[in-house]
Amino acid sequence: MADKRQKITACALRVLVWAAALITVAVLLLLIGYILIKGVPNLKPSLFAWKYTTDNVSMMPAIINTLIMTVLSLLIAVPLGMFSAIYLVEYARRGNKLVRIVRMTTETLSGIPSIVYGLFGYLMFGVALHWGYSMMSGALTLAIMVLPSVMRTTEEALKAVPDSYREGSYGLGAGKLRTVFVVLLPSAIPGILAGVILAIGRITGETAALIYTAGTVAGVPKNLFSSGRTLAIHMYALLNEGLYMEESYATAVVLLVMVLLINALSSFIAKRFSTKASGGG
């Protein structure tokens, strides 16, 4: 009787898992299909003109700004997140109060709405530091936003590296710093890149935080302290105006393709590192 109940329970759970997976895939395909159907017919060469005007509504400046914002934010967030995780995993003593404070802080930061980050970035970088609406203000705000995810994924990736790697490195006479950068980090690269991929997705799709920090100027900024809009803000601005609905759908297609390409490239790099770490490269 007990075996029969266990089989029924296992079968029911299996059905629920498959149903949840199918619903998730169906929703994703529905969203992608809707964006492609509405956006692809509206793609035209004028949308990729170098300079934005009210006639062509070009998204090329927004594409360039999105790439700049993504690279700049990652250059700030990834080293900080990696080094913080290295300290927590490899250097901090167990039961350290500082470790508990840092982890509680990262968990709190990951749950704060993006609009709050935008207001903080506006007051801190725009008002207090007198940077105004600028790419640097937006990049620093986004770096603070994605720092918790980069930090936690790096921490988990380092914990997943077998202790035999550390013991073997120490046994060969390597110090802790050399062990971390030569042995542990290369083995943890796939997990770290998973966090980077999540960070890229949040950066490219962010609007609320950037409206208050980077601004909405439709052009390529002259420097990092000039204002500029990303693709997500560009699409939001077009929808908000209500005059360029077709162009906004085309922008959504480009944004979707851009995110997919960046994620595919990051996944390819992660697989390459994973193959080398396992001795297959």
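The values are calculated or read from the model by the stated rules, or taken from the named source; none is laboratory data. Just so it is clear, the structure is predicted and the values come from calculations on it, not from any experiment. Virtual Cβ from ideal backbone geometry, glycine too; neighbours counted across all protein chains shown. Areas reflect the complete protein model, heavy atoms only, side chains present, ligands, DNA and RNA absent. Shrake-Rupley method; radii C 1.70, N 1.55, O 1.52, S 1.80 Å.
Numbers for the structure displayed
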| item | result |
| --- | --- |
| Whole-percent carbon and sulfur share, accessible surface of the chain, 1.4 Å | 69 percent |
| The range 71-104: trypsin sites (Lys or Arg not before Pro) in DSSP coil with no more than 13 other Cβ atoms inside 10 Å | Arg93, Arg94 |
| Solvent-accessible area per residue, Å², over the range 1-106 with all protein chains present [probe radius 1.4 Å] | 70 Å² |
| Added length on full extension, which subtracts the Cα-Cα distance from 0.36 nm per residue, Thr24 to Ser110 | 28.6 nm |
| Helix-only CD estimate at 222 nm, as mean residue ellipticity for the chain, using -39500 (n - 2.57) per DSSP H run (n ≥ 4) | -23000 deg cm²/dmol |
| Segment Ala264-Tyr91, length gained on full extension (0.36 nm per residue, minus Cα span) | 58.9 nm |
| Qualifying lysines (Cα of each under 22 Å from Cα of Lys271; at least 8 residues distant if same chain) | Lys159 |
| Label-point separation, Arg272 to Val257 (7 Å along Cα→Cβ), nm | 2.3 nm |
| Highest to lowest packing among 144-155, 13-24, 43-54, 197-208, scored as the average C-beta count within 10 Å | 144-155, 197-208, 43-54, 13-24 |
| Farthest positive-ward along the range 1-104 dipole, Cα basis, beta-carbon charges - from Ala20, Tyr87, Gln6 | Gln6 |
